[in-house]
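Heads up, the thing below is written out as structure tokens.
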Amino acid sequence: MSFDLQGYLQERRRWVDETLDQVLPPASSYPFPIHEAMRYSVFAGGKRLRAILVLAAAEAVGCRDSRVLPLASAIELIHTYSLVHDDLPAMDNSDYRRGQPSCHKEFGEAVAILAGDALLTLAFSLIAQEPLVDLVKGKRLTGIVQEVSQACGTKGLIGGQTVDILSQGKKVDHDLLRYIHVHKTGALIRACVRLGGMVGGASSRQLQALTDYGERIGLAFQIMDDILDVEGEEERVGKELRKDEAKGKASYPGLLGLERSKREAKRLVEEAMATLSSLPAERTEALAAIASYIIQRRN
Ligand code: GRG
């Protein structure tokens, strides 16, 4: 029987949403309206792909444990923070996100900045709480905190975002575009897969295979995002499209054309799948299915 990816994603999305609902302060709790703004953006309907990658990578090394959920959910908080800040007028200036007005449109810029900050801070608090500490203990937990910090920092998504914003309207070659995509989007996706391996007690060979997989799907994911900006339907994608060209932003379709961009994303996904061969096939079905979903997705 073929792997039921939709069922797999749906079940884990529900687990992640339940965890997020437990850890986020009630919308009605003081001080207003910060918790409402955090919940507004978190529960606007994200795919939870990054959290699911953490869970799937842990499963790939033989760890199916509900104590991984706080870590997976922490990554979704970080991802949502990055979207809230990315939408701000000083950044990408987007009015819509996840099919609804973006956080600053609903709550104002100051609250949106604070909500993003609060989501990032809450993520680290979640990582340091009992279920995960209990599962991984001492030294491995330090490695996990380092992994998350590096993926979010100036050598990861903030680095990519900095170069992306400052390159607008300038000539960007393939190497620089790759740098932007690998850091802005790829770093967090790579970290998700590595984190799953780390909590699951992966051997160094397994962790290397997961890293190689994560790097390839991370870049493929952003190439696909560029392609959706050209070809996607706004209602389905849930954000404003056709922005890259209008804003003078470098993109894969802009640089290589649509067909070559699609071929490049496909090539990366095939390579990602090949890296999984060093892990037991029965445990990597989900990672393989997620890799091919990345280039088929319509949102
Ligand atoms: C630190 C001030 C400050 C800002 C940070 C780092 C950053 C701003 C933004 C990150 C860059 C970014 C938003 C990259 C785009 C990544 C991307 C393709 C997002 C969409 O991901 P999906 O499709 O979204 O998984 P859902 O809604 O499904 O979760």
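The values are calculated or read from the model by the stated rules, or taken from the named source; none is laboratory data. Computed from a prediction, not measured in an experiment: that's the story for all the values here. Cβ placement follows ideal geometry from the backbone for every residue including glycine, while neighbour counts extend to all protein chains displayed. Calculation scope for accessible area: heavy atoms of the full protein, side chains included, ligands and nucleic acids excluded. Shrake-Rupley method; radii C 1.70, N 1.55, O 1.52, S 1.80 Å.
The label-point distance for residue 230 and residue 117, in a model that sets each label 7 Å from Cα toward Cβ, rounds to 4.0 nm. Once C-alpha pairs closer than 8 Å and six or more residues apart are averaged by separation and normalised to the residue number of region 157-206, the relative contact order reads 46 percent. Taken about its Cα centre, the chain carries a charge dipole of about 620 debye when Lys and Arg each add +1 at the Cβ and Asp and Glu each add -1 at the Cβ. Cross-linked pairs 239/266; 139/266; 137/266; 139/262; 47/171; 155/262: Cα-Cα separations exceed 30 Å for 139/266; 137/266; 139/262; 47/171.
Find how many whole Å separate the alpha carbon centroid of region 183-211 from the alpha carbon centroid of region 258-275. Cα centroid of region 258-275 versus Cα centroid of region 183-211: 19 Å apart.
Sorting 81-93, 124-136 by average packing, meaning the other beta carbons within 10 Å per residue, from highest down gives 81-93, 124-136.
Just to verify a number: FRET efficiency for residue 170 and residue 130, C-beta to C-beta distance, R0 = 41 Å, to 0.05? According to the calculation, E is roughly 0.30.
Across the chain, Cα-Cα distances exceeding 25 Å account for 46% of all pairs. Give the residue from 265, 294, 209 lying farthest towards the positive end of the charge dipole for the chain; charges sit on Cβ (+1 for Lys and Arg, -1 for Asp and Glu) and the dipole is referred to the Cα centre. Going by the charge dipole, the pick is 209.
Annotation: peptides 110-117, 47-54, 254-261, ranked by per-residue average of other Cβ atoms within 10 Å with the highest first, follow the order 47-54, 110-117, 254-261. Its relative contact order, with pairs defined as Cα atoms under 8 Å and 6+ residues apart, puts region 5-294 at 21 percent. In terms of accessible area, using a 1.4 Å probe and ignoring ligands and nucleic acids, 264, 76 rank largest first as 264, 76. Residue separation of residue 299 and residue 140 scaled by 0.36 nm, minus their Cα-Cα distance, works out to 53.8 nm of gained length. Here the dipole of region 248-299 is about 320 debye; that uses its Cα centre as origin and unit charges on the Cβ of Lys and Arg (positive) and Asp and Glu (negative). In this structure, the amide hydrogen of residue 96, modeled 1.01 Å from its nitrogen in the peptide plane, lies closer than 5 angstrom to those of 102, 240, counting only residues at least 5 positions away or on a different chain.
For the chain, the carbon plus sulfur part of the accessible surface works out to 51%, probe radius 1.4 Å. Take region 5-294 with all the other protein chains still there, run a 1.4 Å probe, and you get 44 Å² of accessible area per residue.
With 0.36 nm allotted per residue and the present C-alpha distance subtracted, the residue 65-residue 208 stretch has 49.3 nm of extension available. Shown are 165, 144, whose ranking by accessible area with a 1.4 Å probe and every protein chain present, most to least, is 165, 144.
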